[in-house]
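Only one structure is covered here, and it is reproduced in the block below.
The values are calculated or read from the model by the stated rules, or taken from the named source; none is laboratory data. Every value quoted in this text rests on a predicted model; they were computed, and no experiment measured them. Positions of Cβ are generated from backbone atoms using ideal geometry, with glycine treated the same way; all protein chains shown enter the neighbour counts.
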Amino acid sequence: MVSLDYIKRFYQFNCDLLAMEAPVVCFKKKDMYFDINGNRCKEFHILPSAMATSVIEKNSIYVNLDNIDDEILFFILAHEIRHCYQYQAVIDEDIYEPYSPQWKKEIKSYRNSSSLNYENQEIEIDANAYACFIYLFLGKNIPNVNCDQIKLMKRVKEFGMDFTKEELEDCSYILKPYLSKTLYN
């Protein structure tokens, strides 16, 4: 398993980049439940069709490490952090996001991972595209993402315009001990 220090730094990088209120993150590994700081947290359950979930109304993320290999962990964490950000953008009028009206509609009638075509909801495409963008920045291989690929890649390109090189580099300082290459080298 990758170090909890790296997970925590990656989490902080994403929260800083999105300028959001940091969510509570809890992990399950075998019979242990712990938060991003390594402290015990309450037992939780995730749908069998999911590796992680976010409870956006509580600004919380739950990850089952028993079902995730290290290569996909950070993709999933970025994806779930983005879901928490989406909800914050919907409820906070001071956060401008052009997709907020659509997110608001989809949050009200959200289809979870056990639903057919759930991955093509705009909130899922956005969260997947954000995670892809972060992986590209970190020089990681993007995993196969099951959704509308045209919409996904369009949104990834939009993230490239939304975040400046300086913003990415300023926020990534916390990852420096672990970074080997970035999109901007």
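Points worth noting:
- Hits in the range 49-78 (condition: free of Cβ contacts under 8 Å to residues at least 60 places away in the same chain and in a loop (DSSP other than H, G, I, E, B)): M51, N59, I68, D69
- Residue in the range 13-22 that is surrounded by 14 or more Cβ atoms within 10 Å (Cβ to Cβ) and not in a helix (DSSP H, G or I) present: yes
- Residues satisfying the stated conditions in the range 126-167, i.e. over 20 Å from L73 (Cα atoms) and among the hydrophobic types (A, V, I, L, M, F, W, C): I150, M153, F159, M161, F163
- Residues being part of a helix (DSSP H, G or I), hydroxyl-bearing (S, T, Y) and modelled with pLDDT of 95 or more are entirely absent from the range 94-107.
- Test: I81 is surrounded by fewer than 21 Cβ atoms within 10 Å (Cβ to Cβ), of a type in the set (V, I, T) and in a helix (DSSP H, G or I): no
- For the range 84-95, the set of residues classified as buried (at least 24 other Cβ atoms within 10 Å of the Cβ) and of a type in the set (S, T, Y) consists of Y85 only.
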